[in-house]
Amino acid sequence: MPKKLKLSTPEWILGGYDSKADWEKAKGIKGKKKGKSFSIKVCPKCGSKEVSIVLGGGEGKGSKGWECKKCGWKGKEVGKLELNEDEFMKYLDEKEEGK
Ligand SMILES: [Zn+2]
């Protein structure tokens with residue numbers, strides 16, 4: 001006898017969200033959890049994190065572009081990398097060392 005219709009339907013489906021990630025975002029769950037994630041920019045060509053923004057690099061005024069200091073790549077669509085907190089700390093350390 002089913003006492004409650006609680007079975008295994010996740011809350012995010014009941015809430016009408018497309019994915020669990022959407023639901024978490026809407027609920028503001030991200031960031032509260034200890035497993036934070038950080039998004040950093042990387043070179044789409046060589047994967048280096050040594051990318052910097054360059055102004056006026058493209059067409060039109062106020063255009064922004066990206067430049068890789070490692071391989072010399074230039075473009076508008078920079079790559080992204082998701083890091084967890086540990087990896088992000090390591091990334092910051094590496095940045096410090098590079099100075
Ligand atoms: Zn590169």
Roughly speaking, what is the stretch gain from LYS20 to LYS64, that is 0.36 nm per residue apart minus the C-alpha to C-alpha distance, in nm to one decimal?
12.5 nm
For ILE13 and LYS76, FRET efficiency with R0 = 35 Å and r from the beta-carbon atoms, rounded to 0.05?
0.40
Solvent-accessible ranking of ASP18, ASP93, largest area first, probe 1.4 Å:
ASP18, ASP93
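The values are calculated or read from the model by the stated rules, or taken from the named source; none is laboratory data. Values in this document were obtained by computation on a predicted structure and should not be read as measured data. Cβ sites come from the backbone with ideal geometry, for glycine too, and all protein chains shown count toward neighbours. With ligands, DNA and RNA removed, areas are computed over all heavy atoms of the protein, side chains included. Shrake-Rupley method; radii C 1.70, N 1.55, O 1.52, S 1.80 Å.
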